[in-house]
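Structure record follows, encoded as structure tokens.
The values are calculated or read from the model by the stated rules, or taken from the named source; none is laboratory data. All of these numbers come straight from a predicted model, not from anything done at the bench. Neighbour counts run over all protein chains shown; Cβ positions are idealised from the backbone, glycine included.
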Amino acid sequence: MGSNSIITSGHYSIAGQKPVNEDACGIRVPDTDLLETKGITAIIADGVSASDAGKEASEACVSGFLIDYYSTPESWTVKTSAYKVLTALNRWLHGQGYKHYGSHKGMVTTLSTMVLKSGSAHIFHVGDTRIYRVRDGLLECLTRDHCIQVGDNKTYLGRAIGVDVSVDIDYKTLSVNQGDLFLFTTDGVHDFIDEDFILQTLINTDDNFDATCEVLVKQALANNSHDNLTCQLLRIEQLPADDQNAIYQRLTELPFPPPLDNGMRIDGYRIIRQLHASKRTELYLAVDEDTDKQIVLKAPSINYIDDPTFIEQFQHEEWAGRRISNPHILRILEPVRPRKFLYCIAEYIEGQTLRQWMHDHPRPQLDEVRAIIEQIANGLRAMHKLEMIHQDLKPDNIMIDRHGTVKIIDLGSTKIAGIQEINSPVESATLLGTVNYTAPEYVRGLPVTNRSDIFSLGVITYEMLTGELPYGDKDSHKSLSHITALDYHPATKTNPEIPAWVNGALKKATHPDPHQRYEILSGFLYDLSHPNTALVIDDFKPLLEKNPLAFWKGLALLLAAGNIILLYLLIS
């Protein structure tokens, strides 16, 4: 039996009447950092008896999931992480089955797993193992057996891990309460005892969960179970802290730095000069006195010293930056000495912002623009693969160094899918982006995706080629109706040298409806370099097809004018 301040758990597993036990189960409670970002995992698997290596299959799934799930990026959601691991395990079992046994039945198992993260349980299920929950004296089965009835008394397994190259995985998420009991069983148990017995046994359990599981297993065995028998039980003892004061205390463990000036020293860094200051942050060029290397020290503004939302967002920027490794994303450095103050350090880029570059190149060649946009897209693609959305892409947040390498330098508004799953009493930060570059769905309160970043990249591309914005200066509009009622200005009218098909790509990338935009960055990049006639057909459609309402309005006005003229002539 295992017990800690978060869960109490236990299990019991025997071969029963069979010579070999092909069941497997396990629970993992990781260290503090992964506990918050990845959660607790519990899993049960039942090697299919008709399989050549059911025991090896179930054990590989249990051990593989408990290890590999925690190797996925912390920025991923539970669903993404678990699906990636389970589909990889399925492919591996399927391949090994054919390699060693020459059959799709070589290594096959059922599987049910649960990830407890923050205040939610994420359940993934394939086959006929089960997960039950006991709450408020009621027993509920949270999984559905993937069995197909044949005749009166025969059933066969309709879905399992390792049978085919792909697998359909059931997924559901539900909230958890303190005191919730979760029971994992194989069919050798739940097929031979009724749910009333399970419920009464669990209600009357003490803290010896191993013994409770043994009671259920032995009762099923006494009821003539002819299969392997495995039970695993856990109880939620504590949910993540939701006390505002406790969270604020954790966020403010490091004080804000004092006002910094040239020549001052902080934790082994000597300040050379201030690079930039805004209402939210201050950037300094500094030297690490141990290595004599130049770095950028980013400190929070004293204006937000009592704002937990801002402090949490500031810390998330460093958290995200240290998990992205890409030549087109500013490299956030890990401090080599203990910090006494709240700040982060990053590589120093000697160069200019894209805004400055655009000022120096008011009419760049299309190839020049493509070269820069491709590098920005490379950095964005690295973020999207980690389920991060930048949310504040604009020319001021992009640097071009003296070698021509383009880097995204500000991650302060980044949305991290995995972090979004963590419950916090701290109010979520509102969008920090710039209205001229952020997609309309932000203003409309709709979900944001990687397509929102594609919109921003499209606006930047448009501005580089024309010096203007595709929908005008939205920042000058004060009402929501002005911002959401967008009218695209063709880039070809401002810069006649732009091919119509490039204008079509820009129009699609910056479409107000995210479903009408490019789904992935590579689609936009391809259409910037390869003429796509489908994107320019719209420009040559008759007005009746492009805008029926405008056509009929125009026709009505024309007829009315004609009638007036005719009436005038008749009277004359």
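Just a few scattered comments:
- Against the test of being closer than 30 Å to LEU386 by Cα and touching a strand residue (DSSP E or B) at 6+ places or on another chain (Cβ under 8 Å), the options ALA24, ALA53, ALA57 yield a single qualifying residue, ALA57.
- Filter result (of a type in the set (Asp, Glu) and free of Cβ contacts under 8 Å to residues at least 12 places away in the same chain) within segment 1-32: ASP31
- Residues that are assigned to a loop (DSSP other than H, G, I, E, B), within 42 Å of the chain's Cα centre (by Cα) and closer than 22 Å to PRO19 by Cβ within segment 213-237 comprise ASP227, ASN228, listed in sequence order.
- Checked against the criterion of being surrounded by fewer than 17 Cβ atoms within 10 Å (Cβ to Cβ) and either at pLDDT 95 or above or touching a Leu at 6+ places or on another chain (Cβ under 8 Å) (or both), the candidates GLU427, GLU387, GLU468 yield just one match: GLU468.
- If the condition is being buried (at least 23 other Cβ atoms within 10 Å of the Cβ) and closer than 16 Å to THR8 by Cβ, then segment 179-201 contributes PHE182, LEU183, PHE184.
- Residue count, segment 145-190 (criterion: part of a loop (DSSP other than H, G, I, E, B) and of a type outside the set (Lys, Arg)): 21
- Qualifying residue in segment 285-296 (condition: at pLDDT below 90 and of a type in the set (Val, Ile, Thr)): no
- A count restricted to segment 280-332 and to residues that are in a loop (DSSP other than H, G, I, E, B), more than 10 Å from CYS344 (Cβ to Cβ) and not acidic (Asp, Glu) stands at 12.
- Any hit, segment 72-89, residues being closer than 27 Å to ILE14 by Cα, without any contact (Cβ under 8 Å) to a residue 60 or more places away in the chain and either surrounded by fewer than 20 Cβ atoms within 10 Å (Cβ to Cβ) or more than 24 Å from the chain's Cα centre (by Cα) (or both): no
- Taking segment 155-178 as the range and being in contact with an Asp or Glu (Cβ under 8 Å, 6 or more places away or on another chain) and surrounded by 15 or more Cβ atoms within 10 Å (Cβ to Cβ) as the test, the residues that pass are LEU157, ARG159.
- Test: residue in segment 398-414 that is crowded, with 21+ Cβ neighbours inside 10 Å, assigned to a loop (DSSP other than H, G, I, E, B) and at pLDDT 95 or above: no
- Candidates VAL134, VAL165, VAL126, filtered to the one that is closer than 17 Å to ALA57 by Cα, in contact with a strand residue (DSSP E or B) (Cβ under 6 Å, 6 or more places away or on another chain) and of a type in the set (Val, Ile, Thr): VAL126
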